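The block underneath contains the structure these notes are about, expressed in structure tokens.
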Amino acid sequence: MRKIGLALGAVATTLALGAGTALAAPEPGKDGVGDPYYPTDGNGGYDVSKYDLNLSYNPGSKLLDATAKITAKTTQELSRFNLDLRGLTVRSVKVNGQAAKFTRTGEHELVITPAAPLAKDAEITVEVSYCGRPEPVRHPVTGLGGWRGTPSGGVIAAGAPHSASTWFPVNDTPMDKAELSITTSVPEGWQSVANGTRSKPVTQNGRTTTTWTSDPVAPHLIALGIDRYTFQESTVDSTSVLSAFAPGSNGKPLADKLPEVLKFLNSKLGDYHFGTVGTIHLADSQPYQVGAQTRPVLGRNADLKALVRTLAAQWWGASMSVENWSDTCTHECFANYLGWMWAEAKEGKDLDAEYRKAVDAVRGNGAFWARKLADPGKGKEFSAIYDKGALFVHALRRKIGERAFNTVLSNFPTINQGWNQGWHDLELYLEAEAQMDLKEFLDAWSHSTTIPADKHLFPA
């Protein structure tokens, strides 16, 4: 009787739809999420909840042999979907345990066609077996990103806006954060370091296996290093601290300052949002010190200000992440300014005097002011945030006053914990918190390509 009832229900539904009405067919997911600078980054049709990576790496041959298991939920009926992967050889793909067809297109698209279309709101698992020798990508400001060699023969994989897709298949957009588990197998004497919490390394048959597990993280904030690291562990209040030092690095003095810096940032930004923190110290200099989630990557040229910035980025950048790459100043400008506040609190710096000196030095420099803070242009995402951006944040502090400014510093990343926010969202929040019309001020600093008028440079 139940089968007859179901059949009659299906007939009634068909009649209600009317003759000639067809159900929509599953469609392919989009090959990008439409970032204005990198429109093919990320993919449509699904949200990732977890990456489970199993990596075997041999420093001698530089060969990576890996399997990625991706757990996701579909957001539409899917006939096929994409992942982002640069180079490397894909050996096989399975979707929900069944072999799937796959092709490679464009710069980084892995196009997957499952054995049968996927329903909307379905939990799916995608397993990709792959291998090869990963290659870095170059950015005009931040230099080499992604998987690259180190002076001691190891590798480091980190950087923005692109990194993760150089070594594993990923939905490469800041808008899709996911839990992360990385299990590495490396020759005895070598170690791995990554985001989050480390399991106890196990050495068997000449290889050492370690698993790192992390809270949801945006792809550009994932870091992985393989080298002959030494480690330093401690705790700050209830937060575990683990720092790693590549051979030849000079990071020990900075790592020793980390507990003091973390306590300072807790006092300015509220309690640290993750259960672990630490740093990865490299032997060579870097054009850009990376604020990877829970484990910033610092080159030989990193200084105390860089440590403060990359740790402040755990609030302004990791806990609350960028929405589009045109919005970088939303996070980086404020994280960078915490280095100014450290100098004010710990070194007795007069920031008003430092600000006036800096403005006077570039007052007639048209190129300096021509760089936009909001929507700076593709390849220029990081070009102004560490000098012009710092001046902007100091001017904002004077414009809205200490109470409102301190509230913004701590509350904006806290109320947006785990989310993504862009420049427009920040502008709205600033006006609401300051209870004043800031449009003219914000336009002069962030949207203009000329020096702001004195009333905006030196607000009362």
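Below, the figures for the structure above:
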{"quantity": "Exposure rank, largest accessible area first [Arg398, Arg309; 1.4 Å]", "calculated": "Arg398, Arg309"}
{"quantity": "With DNA, RNA and ligands ignored, accessible area of Phe412 (1.4 Å probe; Å², nearest 10)", "calculated": "10"}
{"quantity": "Lys399 accessible area, 1.4 Å probe, all protein chains in place, Å² to nearest 10", "calculated": "60"}
{"quantity": "Filter on Lys69/Lys378; Lys257/Lys346; Lys268/Lys349; Lys30/Lys101 - keep pairs with C-alpha separation over 23 Å", "calculated": "Lys69/Lys378"}
{"quantity": "Carbon + sulfur, % of accessible area of the chain - ligands and nucleic acids excluded, 1.4 Å", "calculated": "52"}
{"quantity": "Length-normalised contact order of the chain in % [C-alpha pairs under 8 Å, at least 6 apart]", "calculated": "11"}
{"quantity": "Contact order relative to length of region 242-358, as percent, for alpha carbon pairs under 8 angstrom and 6 or more apart", "calculated": "21"}
{"quantity": "Centre separation in Å (Cα based) which lies between region 51-93 and region 383-410", "calculated": "41"}
{"quantity": "Phe458, Phe274, Phe334, ranked by accessible area, largest first (probe 1.4 Å)", "calculated": "Phe458, Phe274, Phe334"}
{"quantity": "Centre separation in Å (Cα based) which lies between region 260-302 and region 192-208", "calculated": "22"}
{"quantity": "Where Asp172, Asp387, Asp350 fall by accessible area, highest first, once all protein chains stay in place (1.4 Å)", "calculated": "Asp350, Asp387, Asp172"}
{"quantity": "Per residue solvent-accessible surface (Å²) - the chain, probe of 1.4 Å", "calculated": "42"}
{"quantity": "At least 20 Å along the helix axis (C-alpha) and Kyte average at least -1.0, DSSP helices within the chain", "calculated": "2-17, 252-269, 329-347"}
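The values are calculated or read from the model by the stated rules, or taken from the named source; none is laboratory data. Everything numeric in this text was worked out from a predicted model, so none of it was measured. For accessibility, only protein heavy atoms count, side chains too; no ligands or nucleic acids. Shrake-Rupley method; radii C 1.70, N 1.55, O 1.52, S 1.80 Å.
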